[in-house]
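What follows is a single structure, written as structure tokens, with notes after it.
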Amino acid sequence: MPFFILLALALLIAYLFALGFVIVAVSTVAFVPLVLLAAVAAYLFAAVVPLVLLTSERWAQPRSANLTTPAEVVAGNVLGAAPRGEMAYHGWDHAWPNYFPYQAQRDFRFVVAVMTRVSRYFLVLPWRWVRALWNKSDGMARWLWWLPIIIGMIPTIAVPLTFFAVMLVLTSALFVGVLWVVMTVMTAIARLFGFVYGSTERAARRRASKELLCPHCYRTTLIPGYRCATCGRTHRLLSPGPLGILTRTCECGSKLPTTATRAAALGLDVVCPYCDQDLGTTAGSRPTTLIPVIGSVGVGKTTFFASAVVGMNESVGSEGTFAPTNPAAHQFYGLVESGAVLPKTAYAGRPEVMTFEASARGELHDIQLVDAAGEFFVTWETTRELTYIDSAACWVFIIDPLTLPDVRDKLDAHGVALGSTVVGTGSAGDAYSSVSDRFKQGRGELKSKSLAIVVSKADLLTQVPEWAELGTSSRAVRELLFEHGADNLLRKLELDFATLAYFAVEAQSRDGLPRHRDPVRVVDWALAQKRLRLSFLGEVPLEPQPVAAEPTTTPVPTINQ
Amino acid sequence: MSTVIPRSYVVFRALMGTAVLAIAAVGLLLVAPLVISLFGGS
């Protein structure tokens with residue numbers, strides 16, 4: 001019996017020695033190659049799998065879950081809650097963001113997430129196998145058979161697999177890290193290019209006065225909104241930026257340009273970015289001048305515009321163009337052409353912007369005239385709605401000389417009959433203050449604007465011999481006003497504005513109208529203030545030149561052309 | 001409405017995947033001489 005026990009012990013020891021030898025031998029021989037193999041496999045896996053993940057149709061579904069769609073952009077999940085600036089209220093446009101960095105970041109995270117999942121799986125896998133083998137049986141079989149196998153697995157399977165998992169994470173992180181740097185550089189280059197491109201475009205449009213003035217809300221902008229030609233969605237911020245540097249992809253998939261110049265060349269429909277009103281296809285694409293008039297009731301604002309419109313139409317001749325382009329302009333133009341008596345401008349609703357396109361053998365320009373009833377020009381309150389005046393670079397202030405008692409006395413003294421001429425009511429000073437004081441209160445800078453001071457009804461004034469040549473010089477018009485009761489008003493005007501000029505106009509009839517009293521000269525002067533090439537009376541020098549006040553009468557600031 | 005993924009996304013994704021392959025290849029080229037010298041020197 002003891003013999004059998006000793007034999008069994010000897011066999012067990014021999015078994016253990018043999019098993020230990022086999023395990024050590026296999027482990028020693030296999031460990032290094034297996035670990036190296038795991039490292040190479042991890043490297044290749046990390047190199048190939050991203051391409052598969054990002055391009056294979058099999059992974060299209062999980063990739064879609066990571067898309068920076070226009071809906072995500074609008075929801076504020078990609079570019080932040082809203083764009084900065086004036087369009088913040090409207091939020092982001094429905095368009096796809098740039099791949100770099102927005103979608104690229106999500107793609108990187110997707111790849112890293114998959115790699116992390118795979119490496120975790122390989123980290124856990126050997127220990128799962130160990131547990132399965134350990135639980136396979138119990139008793140002697142577990143200790144004598146499965147335990148040695150488990151011990152043998154550690155250097156041959158568990159360690160290489162763990163190494164594979166760790167290397168997979170490290171190499172993936174390395175590759176993505178390098179690409180992240182590339183992405184950051186590319187994003188910076190794209191943003192810099194977009195900034196330069198957008199700034200250049202805006203500067204060029206500003207220089208050319210290619211502004212959009214919305215006739216509905218009176219807001220102005222250098223960047224009009226456009227409708228997608230395919231789906232009609234509004235794109236308010238069509239400029240190089242996070243939604244496209246050179247082109248933008250609308251939610252519907254259509255490509256849009258990123259500048260107003262290219263959008264206009266494509267004939268896209270223009271939309272006011274502030275109020276969403278449709279404005280045709282040419283709005284904001286041409287050099288634009290807004291000419292608002294200021295003046296109390298009956299001073300001749302509408303007659304001034306009517307004569308100017310007729311004059312501009314006559315001046316362009318056969319080689320040029322002059323035409324109304326919006327309903328308000330068509331209506332006014334029709335009324336003026338019909339020769340009917342012009343009705344008094346209604347004091348109801350908001351004044352309408354009349355847009356005319358005009359060219360004189362050159363580029364088409366938009367001239368926007370805004371006539372408002374004199375009743376608007378009474379107080380701050382009544383001019384509060386006339387915000388278009390704030391946007392205009394040049395104001396036209398019409399003064400009825402018949403409202404000045406000294407002038408009336410002089411006309412009476414020379415027996416000048418007023419006939420059917422309507423005499424203005426209200427104070428010119430109040431009319432001016434109603435606009436300028438409100439503008440200044442809103443921190444507006446009048447020095448940056450130009451003022452044309454227009455003395456209307458000059459046909460009556462010129463019947464006085466000493467005023468027969470009125471209008472040939474700005475100085476004479478100023479003297480007339482200054483010496484006949486408007487001195488305080490002129491002091492105020494000349495203190496407020498750095499650039500102003502005086503005109504005398506005849507607007508009642510254009511028969512035999514001398515060019516120096518043509519209302520079109522005021523329009524020409526307004527165009528010149530914006531440095532536009534269009535001039536209706538091109539061959540006539542831009543007289544009257546602006547003048548400084550008489551040194552003997554009152555000190556005034558320097559007045560520039 | 002089905003989502004129309006911009007072509008630029010498809011192109012850039014393929015480029016990114018290819019770039020990973022390129023980086024891996026460059027990495028191998030950089031590491032290979034080191035490995036060869038290690039084994040070759042023994």
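The values are calculated or read from the model by the stated rules, or taken from the named source; none is laboratory data. This is a predicted model, so every value here is computed, not measured. Cβ placement follows ideal geometry from the backbone for every residue including glycine, while neighbour counts extend to all protein chains displayed. For accessibility, only protein heavy atoms count, side chains too; no ligands or nucleic acids. Shrake-Rupley method; radii C 1.70, N 1.55, O 1.52, S 1.80 Å.
Percent antiparallel among DSSP beta bridges with both residues in the protein assembly as shown, to the nearest 5?
50 percent
Using the Cα centre of the protein assembly as shown as the reference point, and only Cβ charges (+1 on K/R, -1 on D/E), how large is the resulting charge dipole? Debye, rounded to the nearest 20.
That gives the protein assembly as shown a dipole magnitude of about 3760 debye.
Just subtract the alpha-carbon distance of A:Y347 and A:I189 from 0.36 nm times their residue separation and send over the number in nm, one decimal.
Gain on extension, A:Y347 to A:I189, equals 51.4 nm.
For A:D276 and A:Q61, FRET efficiency with R0 = 41 Å and r from the beta-carbon atoms, rounded to 0.05?
The value I calculate is 0.65.
Which order do you get for A:H90, A:H365 if you rank them by accessible area with a 1.4 Å probe, largest at the top?
The residues order as A:H90, A:H365, largest area first.
Just the number, please: buried accessible area between B and A, total of both chains, 1.4 angstrom probe, nearest 100 square angstrom.
The B and A chains share an interface burying roughly 2100 Å².
Determine the relative contact order of chain A: mean sequence separation of Cα pairs under 8 Å and six or more apart, normalised by residue count, in whole percent.
11 percent
Tilt of helix A:519-529 relative to the longest C-alpha principal axis of chain A, in degrees (0 to 90, nearest 10)?
Long axis of A:519-529 versus the principal axis of chain A: about 40 degrees.
Rounded, prolate or oblate, given the Cα gyration tensor of the range A:291-445, with a/c below 1.5 counting as rounded?
oblate
For A:K410, which aspartates and glutamates qualify as cross-link partners when the Cα separation must be under 14 Å and same-chain residues fewer than eight apart are set aside?
Candidates past the 8-residue exclusion: A:E466, A:E483.
Could I have the simple spin-label model distance between A:A203 and A:K440, label points 7 Å from Cα toward Cβ, reported in nm to one decimal?
3.4 nm
Just need the relative contact order of the range A:1-123 here, percent rounded to a whole number, with Cα pairs under 8 Å and 6+ apart.
This gives 20 percent for the range A:1-123.
What value, in deg cm²/dmol to 500, does the helix sum -39500 (n - 2.57) over DSSP H runs of n ≥ 4 give at 222 nm once divided by the residues of the protein assembly as shown?
The helix contribution divided over the protein assembly as shown gives -15500 deg cm²/dmol.
Mind running the shape call on the range A:327-375? Use the C-alpha gyration tensor, a ≥ b ≥ c as the square roots of the eigenvalues: rounded below 1.5 for a/c, prolate if a/b tops b/c, oblate otherwise.
Oblate shape, in that a/c is at least 1.5 and b/c is the bigger or equal ratio.
Share of chain A's accessible area from carbon and sulfur, percent, 1.4 Å?
Carbon with sulfur: 62 percent of the solvent-accessible area.
Compute the angle between helix A:428-441 and the longest alpha-carbon principal axis of chain A, please, reported from 0 to 90 degrees and rounded to the nearest 10.
Computed tilt is about 20 degrees.
If amide H atoms are built 1.01 Å from N in the plane of the peptide, which residues on other chains or at least 5 residues away come under 5 Å of the amide H of A:I399?
A:V454, A:V455, A:S456
Aspartates and glutamates near A:K301 by alpha-carbon distance under 13 Å, same-chain residues fewer than 8 away left out - which ones?
Once the sequence-local aspartates and glutamates are set aside, what remains near A:K301 is A:D371, A:E375, A:D400, A:E506.
Along the charge dipole of the range A:400-541, which of A:A413, A:G424, A:L500 sits closest to the positive end, that is, farthest toward it, with unit charges on the beta carbon of Lys, Arg, Asp and Glu (+1, +1, -1, -1)?
After comparing all options, I get A:L500.
Which is the longest run of chain A containing none of the trypsin sites (Lys or Arg not before Pro) found in DSSP loop states (not H, G, I, E, B) with at most 16 other C-beta atoms within 10 Å?
So the longest stretch without any such site is A:137-343.
At a Cα cut-off below 18 Å, give the lysines reachable from A:K492, other chains included and same-chain residues fewer than 8 away excluded.
In chain and number order, the partners are A:K440, A:K447, A:K449.
Could you give the nm distance between label points at A:I151 and A:N488, where each point is 7 Å from its Cα heading toward the beta carbon?
11.4 nm
Relative to the longest principal axis of the C-alpha atoms of chain A, give the angle of the C-alpha long axis of helix A:159-207, reported between 0 and 90° and rounded to the nearest 10°.
10 degrees
Find out how many positive minus negative residues lie around A:Y432, taking Lys and Arg as positive, Asp and Glu as negative, among other residues whose Cβ is under 10 Å from that of A:Y432.
Once all neighbours under 10 Å are counted, the net charge is -2.
To the nearest 20 debye, what charge dipole does the range A:143-256 have about its Cα centre, counting +1 at the Cβ of each Lys and Arg and -1 at the Cβ of each Asp and Glu?
940 debye
Identify, among A:T116, A:V40, A:V336, the residue whose Cα sits farthest towards the positive end of the charge dipole of chain A, taking +1 on the Cβ of Lys and Arg and -1 on the Cβ of Asp and Glu, with the dipole about the Cα centre.
Going by the Cα projections, it comes out as A:V40.
Averaged across the residues of A:244-250, what count of C-beta atoms belonging to other chains lies within 10 Å of each residue's C-beta?
2
How do B:F39, A:F304 stack up against each other in accessible area, from largest to smallest, with a 1.4 angstrom probe?
B:F39, A:F304
Give me the percent relative contact order of the range A:386-462, please, defined on Cα pairs under 8 angstrom at least 6 residues apart.
So the answer I get is 55 percent.
Add +1 for every Lys or Arg and -1 for every Asp or Glu among the other residues with Cβ under 13 Å from the Cβ of A:L369, and state the total.
It works out to a net charge of -3.
Computed FRET efficiency, Cβ-Cβ of A:E469 and A:D409, R0 30 Å: what is it to the nearest 0.05?
Using R0 = 30 Å, I get an efficiency of 0.90.
How about the range A:161-196: which of its residues lose at least 30 Å² of accessible area in the presence of all protein chains relative to their chain isolated, using a 1.4 Å probe?
A:F175, A:L179
Can you give the longest stretch of chain A with no exposed loop site, where a site means GluC sites (Glu not before Pro) in a DSSP loop (not H, G, I, E or B) with at most 10 other C-beta atoms within 10 Å?
A:1-318
Would the range A:204-281 count as rounded, prolate or oblate if I go by the C-alpha gyration tensor, calling it rounded below 1.5 in a/c and otherwise prolate when a/b exceeds b/c, oblate otherwise?
Oblate shape, in that a/c is at least 1.5 and b/c is the bigger or equal ratio.
For the protein assembly as shown, just give the cysteines left without a disulfide-compatible partner, judged by no other Cys Cβ under 4.7 Å.
A:C394
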